[in-house]
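To keep things clear, I will list the structure first and then write my remarks on it.
The values are calculated or read from the model by the stated rules, or taken from the named source; none is laboratory data. Owing to the predicted nature of the structure, the values given are computational and were not obtained by experimental measurement. For neighbour counting, all protein chains shown are included, and Cβ atoms are generated from backbone atoms with ideal geometry for every residue, glycine included. Calculation scope for accessible area: heavy atoms of the full protein, side chains included, ligands and nucleic acids excluded. Shrake-Rupley method; radii C 1.70, N 1.55, O 1.52, S 1.80 Å.
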Amino acid sequence: MKGPRRGYWCECWTEDLTKQEWPALLASFDACTAPQADRWVAVALRTISPALDADASDAAWEWLYDGRIETRRALMRSEPCTVSVTHEQIRITWAIRPVIFLPLAHRQSAELPACAYDFEPRHPRHSTE
């Protein structure tokens, strides 16, 4: 990458609703396009849906069938989006936001330079499900 480029920063957070603790960052992903960003969420939801309780599974498939289109439209308008499901007492939230990626000096393909791990992730803002 030679200069700044537009893209999407994707994160997956979990939160135990029975405890008063900050959500935990499980994964992050840098997507180049809106379809790539919402596909990251879709693959995760399809993968975990068999293990979710009935309500959480229904919410996952509702987003996959109906909400995904609106999520992609919002991303194309450069609006941040969240998708959440609550399984028992755990809320899983995928957050996607438009960003401008700056080139990193020592990045080797998908591997980040050591300095990337010196920063603490931001905690997501809570949204309604």
Exercise. Which of the trypsin sites (Lys or Arg not before Pro) found in segment 55-84 are loop residues per DSSP with 13 or fewer other Cβ atoms within 10 Å of their Cβ?
Worked result: Arg77
Problem set entry | Sum of side-chain charges, Glu70 neighbourhood, beta-carbon under 13 Å (Lys, Arg +1; Asp, Glu -1) | 0
Exercise. For Leu26, which sequence-distant residues (separation of 5 or more, or a different chain) have an amide H within less than 5 Å of its own amide H, given hydrogens modelled in the peptide plane?
Worked result: Cys12, Trp13, Thr14
Exercise. How much solvent-accessible surface does Ile90 expose, in Å² to the nearest 10, with a 1.4 Å probe and all protein chains in place?
Worked result: 60 Å²
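Do any trypsin sites (Lys or Arg not before Pro) in segment 10-67 lie in a DSSP loop with no more than 12 other beta carbon atoms within 10 Å, and if so, which? List each step's numbers first, then the result.
Values: sites: Lys19, Arg39, Arg46; in loops: Lys19.
Listed in order of number, the matching sites are Lys19.
Restrict the search to segment 27-102; then list the chymotrypsin sites (Phe, Trp or Tyr not before Pro) that DSSP places in a loop and that have at most 15 other Cβ atoms within 10 Å of their Cβ.
On the way: sites: Phe29, Trp40, Trp61, Trp63, Tyr65, Trp94, Phe101; in loops: none.
The qualifying sites: there are none.
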